[in-house]
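Enquirer: Encoded as structure tokens, here's the structure I'll be asking about.
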Amino acid sequence: MDGGAGPPSRGGPAHDGDRAGYPAGMTTTEHGPHKDPTALGPLEPGTPQRVAARRRTWDVAWTATCVLLALWSVLWAVGALRGAAEAWLWSGCGIVLLGCAWWARRSVRKNALRPMR
């Protein structure tokens, strides 16, 4: 008997993601480091990732604005149906602003399809 020690581990240590000594975004395998395909590239000015992040941020911002203005218009229209004073005026203002925000959102999305300069 060898004192109860089990057989030696086969295959080495378990994969633990990023290990000390490797740059961020690198993982290890049995064959050495490789680039993680899900890692973001550098977000320095002028890089495609930075431009894409900026476009995505504007798209989210205009989408949120459209949702809020649509909700505002619908709530004022409901208020007008219930008899609130000047509710149609506020609902109309919301619809006009919604149209402007929707146009801006469409412009942002259309410009996102254009090649970067």
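Enquirer: Within 14 Å, Cβ to Cβ, of Leu43, how many net charges do the neighbouring residues add up to if Lys/Arg are +1 and Asp/Glu are -1? Don't skip to the end; give the middle numbers.
Expert: Numbers: positive: Arg50, Arg54, Arg55, Arg56; negative: Glu44.
Every neighbour counted, the sum reads +3.
Enquirer: Let me check something: with ligands and nucleic acids excluded, how do Leu98, Leu113 order by accessible area (1.4 Å probe), largest to smallest?
Expert: Working: Leu98 45, Leu113 150 Å².
Result of the area sort, largest leading: Leu113, Leu98.
The values are calculated or read from the model by the stated rules, or taken from the named source; none is laboratory data. If you're wondering where the values come from, they're calculated on a predicted model, not measured in any experiment. Glycine also receives a Cβ, built like all others from the backbone with ideal geometry; neighbour counts cover every protein chain displayed. In case anyone asks, the SASA skips ligands and DNA or RNA and just uses the protein heavy atoms, side chains included. Shrake-Rupley method; radii C 1.70, N 1.55, O 1.52, S 1.80 Å.
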